Amino acid sequence: MASLFSWITLFVLFCSVSSELILEEGYTVTTVIDGHKLNINPHSVLARPGSSDLLLLDFSNSHLYTVSFPLSNESEVKRISSEEKLGYRDGKLGLARFNKPRSFAVDGKGNVYVADRGNHVIRKISTSGTVSTIAGGLSKAIGKKDGPAQNATFADDFELAVVAERCILLVVDHGSQSVRLIDLKPEDCTTTSPSAQIFGLGAVTVWTLGLGLSCFLGLFVGILVRPYIIPHGDSTLIRFSKKGKPCLINLGKQVAILCFGIRSAIANFKLYTLLQKLFYCC
């Protein structure tokens, strides 16, 4: 009886614990790459800046592929690494060999960094298609040694991530339970975006362009308002006494200006003085 009571109590407590589940609709899942049909084992994919293809990493066969956009079952999958499976060879990408690459990352310029797990090194695929070793090339052993990149050692399970804004490559070393940091070359962190090109002009150039633009704008405005300010033909400049009598000034376009108690309407015309200085400046 006591046992039954305990089970009933446990059931009531279990039912009283509510769990919140939020289901958001509007998404669809579609298979665009079937590894069984293509005889590949996709492990990681990466969008390369400035490229119309998707980069695919086959961990089991140690191959790299490109997949054309738009992604579908009809997308072209092309192998870009060597036909040979396992190995260690730098040089042209079509002849390069990897050994169980597990992860890759891309910098702002489009260079790809590969975590070559089997060779315990970090490889780089440049935008020109050349493969090189940037870390672990002299040691090629398991470990956790810091220092010059070519003498450093890594575990047999690590992943990569690029922080383009900081120009660094992070190594998540699972074997040593640590995160390592590699400073990338400054030239590999620059982008070719329009904003980068504008800011790359420098402060002096931007200042010069701004000055030239302001002069051109002032000249344009001056040409538009010049006929209404500068007298033409037989127009004469009329001076007046300090008495507050209404008066007319005859300009080139017969523009009447009502003024009171001024020595010279033109001399005190701030707009005219400002434009005159602008003409002399430009």
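Is it the case, given these coordinates, that D107 is under 24 Å from R166 (Cβ atoms) and in contact with a Cys (Cβ under 7 Å, 6 or more places away or on another chain)? Write out each step before concluding.
Working: under 24 Å from R166 (Cβ atoms): yes; in contact with a Cys (Cβ under 7 Å, 6 or more places away or on another chain): yes.
Considered against the rule, which asks whether it is under 24 Å from R166 (Cβ atoms) and in contact with a Cys (Cβ under 7 Å, 6 or more places away or on another chain), D107 comes out as yes.
Yes/no matrix, rows are residues, columns are (1) at pLDDT below 90; (2) more than 26 Å from L160 (Cβ to Cβ); (3) over 36 Å from the mean Cα position of the chain (by Cα); (4) not polar (S, T, N, Q):
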{"residue": "F5", "(1), (2), (3), (4)": "yes, yes, yes, yes"}
{"residue": "F11", "(1), (2), (3), (4)": "yes, yes, yes, yes"}
{"residue": "C15", "(1), (2), (3), (4)": "yes, yes, yes, yes"}
{"residue": "S19", "(1), (2), (3), (4)": "yes, yes, yes, no"}
{"residue": "E25", "(1), (2), (3), (4)": "no, yes, no, yes"}
{"residue": "T28", "(1), (2), (3), (4)": "no, yes, no, no"}
{"residue": "V32", "(1), (2), (3), (4)": "no, no, no, yes"}
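Would you pick out the residues in segment 77-95 that are modelled with pLDDT under 90 and in a loop (DSSP other than H, G, I, E, B)? Reasoning before the result, please.
First, pick out the residues of segment 77-95 that are modelled with pLDDT under 90: 82-86.
Residues satisfying the conditions are S82, E83, E84, K85.
If I filter segment 63-95 down to residues being among the hydroxyl-bearing types (S, T, Y) and within 30 Å of the chain's Cα centre (by Cα), which single residue comes out as surrounded by the fewest Cβ atoms within 10 Å (Cβ to Cβ)?
Filtering segment 63-95 for residues among the hydroxyl-bearing types (S, T, Y) gives 65-66, 68, 72, 75, 81-82, 88.
Checking the rest, the ones that are also within 30 Å of the chain's Cα centre (by Cα) come to 65-66, 68, 72, 75, 81.
Details: Y65: 22, T66: 17, S68: 14, S72: 12, S75: 16, S81: 24.
Step by step, filter segment 63-95, then rank; the result is S72.
Which of the residues that make up segment 96-124 are free of Cβ contacts under 8 Å to residues at least 40 places away in the same chain, surrounded by 22 or more Cβ atoms within 10 Å (Cβ to Cβ) and part of a strand (DSSP E or B)?
If the condition is that a residue be free of Cβ contacts under 8 Å to residues at least 40 places away in the same chain, surrounded by 22 or more Cβ atoms within 10 Å (Cβ to Cβ) and part of a strand (DSSP E or B), then F98, D116, V121, R123 are the ones that fit.
Just the residues that are in a loop (DSSP other than H, G, I, E, B), closer than 27 Å to G110 by Cβ and of a type outside the set (A, V, I, L, M, F, W, C), please, taken from segment 141-173. Step through it out loud before you land on a result.
Start the filter on segment 141-173 by keeping residues that are in a loop (DSSP other than H, G, I, E, B), which leaves 141, 143-148, 152-153, 155-157, 164-167.
Filter once more, keeping what is closer than 27 Å to G110 by Cβ: 148, 152, 157, 164-167.
Result: P148, D157, E165, R166.
I'd like the full set of residues that are free of Cβ contacts under 8 Å to residues at least 60 places away in the same chain, surrounded by fewer than 17 Cβ atoms within 10 Å (Cβ to Cβ) and among the small types (G, A, S), limited to segment 24-62.
The answer is G26, G35, A47, S51, S52, S60.
Looking only at segment 120-132, count every residue that is out of contact with any Asp or Glu (no Cβ under 6 Å at 6 or more places or on another chain) and either over 17 Å from H63 (Cβ atoms) or modelled with pLDDT under 95 (or both) and tell me the total. Talk me through it step by step, then tell me what you get.
So the first thing to find is which residues in segment 120-132 are out of contact with any Asp or Glu (no Cβ under 6 Å at 6 or more places or on another chain), and the list is 120-122, 124-130.
Narrowing further to those that are either over 17 Å from H63 (Cβ atoms) or modelled with pLDDT under 95 (or both): 120-122, 124, 126-130.
Residues that pass the stated criteria total 9.
Limited to segment 176-186, what total is found for residues that are in a loop (DSSP other than H, G, I, E, B) and surrounded by 15 or more Cβ atoms within 10 Å (Cβ to Cβ)?
Restricting attention to segment 176-186, the residues satisfying the condition of being in a loop (DSSP other than H, G, I, E, B) are 176-177, 184-185.
Subset that is surrounded by 15 or more Cβ atoms within 10 Å (Cβ to Cβ): 176, 184.
Qualifying residue count for the region: 2.
Looking at this structure, is K78 farther than 23 Å from A161 by Cβ, among the basic types (K, R) and without any contact (Cβ under 8 Å) to a residue 12 or more places away in the chain?
Numbers: farther than 23 Å from A161 by Cβ: yes; among the basic types (K, R): yes; without any contact (Cβ under 8 Å) to a residue 12 or more places away in the chain: no.
It is false that K78 is farther than 23 Å from A161 by Cβ, among the basic types (K, R) and without any contact (Cβ under 8 Å) to a residue 12 or more places away in the chain.
The values are calculated or read from the model by the stated rules, or taken from the named source; none is laboratory data. Values in this document were obtained by computation on a predicted structure and should not be read as measured data. Every residue, glycine among them, receives a Cβ derived from its backbone with ideal geometry; neighbour counts consider all protein chains shown.
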